[in-house]
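The values are calculated or read from the model by the stated rules, or taken from the named source; none is laboratory data. Note that the coordinates shown come from a computational prediction; the quantities given were computed from them, not determined experimentally. Neighbour counts run over all protein chains shown; Cβ positions are idealised from the backbone, glycine included.
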Amino acid sequence: MPILVNIDDVVEVSCPSPLPDRLLEEKEHKYRLKEYISRLSPTLREVVLLSLVEEMTDREIALVLGIPIGTVKSRKNRGLLKFKQYYLQ
């Protein structure tokens with residue numbers, strides 16, 4: 001005997017693994033982000049990476065790098081602005 005299912009009860013089934021085109025998009029996006037980060041000067045790059053990747057506070061970054069917190073804020077701001085410019089090109 002066939003099982004009858006109410007169409008309103010059907011839940012969308014998600015694919016357990018991403019589709020190949022989605023994987024390619026993600027890989028290309030990650031590559032571009034790495035490229036943009038690599039374009040930053042070393043002093044800007046280290047502050048941006050410590051902030052975004054390591055999730056360190058400005059104070060923690062200042063302590064680790066041995067620089068004033070104002071310098072950290074300035075470098076982070078300049079680095080993020082440059083990153084944004086690269087991203088929007």
Members of the stretch 48-79 that are part of a helix (DSSP H, G or I), modelled with pLDDT under 95 and among the aliphatic types (A, V, I, L, M) = 48, 49, 50, 52
When the stretch 58-76 is checked residue by residue, the ones that are loosely packed, with under 13 Cβ neighbours inside 10 Å and within 27 Å of residue 29 (Cβ to Cβ) are none
